[in-house]
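Here, each number is a calculation from the coordinates, and none is a lab measurement. None of the values given here were measured: they were computed from a predicted structure. Positions of Cβ are generated from backbone atoms using ideal geometry, with glycine treated the same way; all protein chains shown enter the neighbour counts.
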């Protein structure tokens, strides 16, 4: 015989004599769960919709109102908040507790099955009223009580818990303490995640400012091969959405390491700067070759050839489906990770020959979520960095041709995702030289020029921050640079502009710095 209580299902640890409480919003798998566990349940209580669902399925289930003595109040806002239910869940099963409950005619529960209102789904609507009505009260309380009393109560807080309970009941006739501990920790995690989501979403909806308290939620945690170095532990957590590298699907290859994911994320975010077809070759968290071309195979070949030496052991991202012709361009190149929104079956067949190559399929949806970075005993938070700016202002030389302007904007998008100090040279929508991660801007320029060789002649230049001295422009002129794009804002801007004019270099200011540490 089975007895269920609304949104929650509670179960006791005795073989064949458990009393259960069911109160669920998500009823998926519930019928099968009860069908396979009913031989171990003496009595089932349920609330509202759960009661009707199970009765309609032919199960003998009692109403929690038989215990509480009242009907649902406030249109269902109050159903399970009653001492007779919670005392039955929280009883420690010692003589004193049993005698106290017996004197009040209260029944103990051994199994609680409950899941929560879909607040996350409601939050996507941005409707405050809908969000409020999907803030669960009774379900959270039932789950917390059952998880707290894991020594005596089994709690199922998600349909994904059902199989574990059924399998253990069928094999041993009871649910072990170790399993109850595991289920309790899963429940605390889900409830905590639920509360964090409520706070973060409601705060964003009610106020425009960043909250004084910021709660970070990471789910689906898993251990990586290692951290930045083999002796460091590394872990990956998802924010629960379907976008970004943390939520990508690995289709092939070895396990991912911490560094693989950092490089993959940098490549992904660089590719996301472009609306047109682009290929980004990333090495040690900064681009080493980028090409924009509507033919993905051409973009792949030119991005790799931009710095073939650095492309060895790189991560490559693109913002279009990987094609067979593009895959063939890297068939002989050692690549650590590929990132793309999708892959043709022909491309996957070609790439399957590279058994260790990690292939990630990722949803390329732009988002404005805050970016979080850890420091000792805390973390920093900021809005995402993008290359967008309000106005492009010509400050020296003649206006560039449409082709040069395209190259300038291309190089600006790339330099946005290079480590500072950073310089990017580009021509015909391909990077010709990149200098990044240097302690002086002139050194970054020297490296970019050296990397470019004779390709610097006719290239354009992008700088992620202003030029502190005119020596940068002087070296650019000697290297054949035709145009420069930079933020401006230095106290020596007049001297820098004067040098550019003297050398016949067109210089544009964006008015925005894209410094990336």
- Item | Cα coordinate range in region 10-205, projected on the principal axes (Å, largest first) | 48, 35, 35
- What whole number of Å gives the distance from the Cα centroid of region 374-395 to the Cα centroid of region 121-185? 40
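So for region 172-327, what are the equivalent ellipsoid semi-axes in whole Å, largest first, each being the square root of 5 times an eigenvalue of the Cα gyration tensor?
On the way: eigenvalues 285, 96, 44 Å².
Ellipsoid semi-axes (Å, largest first): 38, 22, 15.
Based on the mean of other beta carbon atoms within 10 Å per residue, what is the order of 151-162, 502-513, 215-226, most packed first? Each step should come with its number before you reach the end.
Details: 151-162: 23.0, 502-513: 18.7, 215-226: 13.1.
Those peptides, ordered most packed to least, come out 151-162, 502-513, 215-226.
Compute the relative contact order of region 227-320 as a whole-number percentage, counting only Cα pairs closer than 8 Å that sit 6 or more residues apart in sequence.
Normalised by residue count, the contact order of region 227-320 is 24 percent.
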- Note on the structure: With a ≥ b ≥ c from the Cα gyration tensor eigenvalues, square-rooted, and the rule rounded for a/c under 1.5, otherwise prolate when a/b > b/c and oblate otherwise, region 445-505 is prolate
- Item | Angle in degrees between helix 177-206 and the longest Cα principal axis of the chain, rounded to the nearest 10 | 60
- Query: Helix 296-305: angle to the longest alpha-carbon principal axis of the chain, degrees 0 to 90, nearest 10?
  - Reply: 60
- For region 393-509, what class follows from the C-alpha gyration tensor (a ≥ b ≥ c being the square roots of its eigenvalues): rounded when a/c is under 1.5, otherwise prolate if a/b is larger than b/c, else oblate? rounded
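Calculate, in nm to one decimal, what residue 135 and residue 249 gain on full extension: separation in residues at 0.36 nm each, minus their alpha carbon distance. Don't skip to the answer; put the middle values down first.
Working: separation 114, 0.36 × 114 = 41.04 nm, distance 3.10 nm.
Residue separation times 0.36 nm, minus the Cα-Cα distance, leaves 37.9 nm.
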- Express in whole angstrom the spacing between the alpha-carbon centres of region 247-289 and region 30-79. 50
- Task: Please say if region 86-193 is rounded, prolate or oblate, where rounded means a/c under 1.5 for a ≥ b ≥ c the square roots of the C-alpha gyration tensor eigenvalues, and otherwise the choice is prolate for a/b larger than b/c and oblate otherwise?
- Result: oblate
- Message: With a cut-off of 8 Å between alpha carbons and a minimum separation of six or more residues, what is the relative contact order of the chain in percent?
- Response: 9
- Item | Estimated translational D of the chain in µm²/s (Stokes, Kirkwood radius over Cα pairs; 10 °C; 1.306 mPa s) | 59
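Summing -39500 (n - 2.57) over the DSSP H runs of n ≥ 4 in the chain and dividing by its residue number, what mean residue ellipticity at 222 nm do you reach, to the nearest 500 deg cm²/dmol? Don't skip to the end; give the middle numbers.
Details: 19 runs with 186 residues, N = 517.
So the calculated ellipticity at 222 nm is -10500 deg cm²/dmol.
Could you work out how much longer the chain between residue 74 and residue 297 gets when fully extended? Use 0.36 nm per residue separation minus the Cα distance between them, nm to one decimal. It would help to have the intermediate numbers written out before the result.
Values: separation 223, 0.36 × 223 = 80.28 nm, distance 6.25 nm.
That works out to 74.0 nm of additional length.
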- Message: Take residue 27 and residue 97, extend 7 Å from each Cα along the Cα→Cβ direction, and tell me the distance between the two endpoints in nm.
- Response: 3.2
- Message: Less than 20 Å from a label point 7 Å out along the Cα-to-Cβ axis of residue 346: which backbone N atoms in region 308-337 qualify, by residue?
- Response: 318-333
- Message: On C-alpha positions alone, give me the angle between the axis of helix 138-148 and the longest principal axis of the chain, in degrees, nearest 10.
- Response: 80
- Over region 10-205, what is the mean sequence separation of C-alpha contacts under 8 Å (at least six apart), divided by residue count, expressed as relative contact order in percent? 26
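Report the full-extension gain for the segment residue 57 to residue 321: residue separation times 0.36 nm, less the Cα-Cα distance, to one decimal in nm. Before the final figure, lay out each step's value.
Working: separation 264, 0.36 × 264 = 95.04 nm, distance 4.61 nm.
Computed gain between residue 57 and residue 321 is 90.4 nm.
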- Ranked list, fewest to most other Cβ atoms within 10 Å of each Cβ, for 275, 407, 66: 275, 66, 407
- Given the C-alpha centroids of region 300-325 and region 447-490, what is the distance between them in whole angstrom? 25
- Query: Which value in nm describes the separation of the simple spin-label points at residue 172 and residue 127, placed 7 Å from the Cα toward the beta carbon?
  - Reply: 4.6
- Please give, to one decimal in nm, the separation of the simple spin-label points placed at residue 164 and residue 237, each 7 Å out from Cα toward the Cβ. 1.8
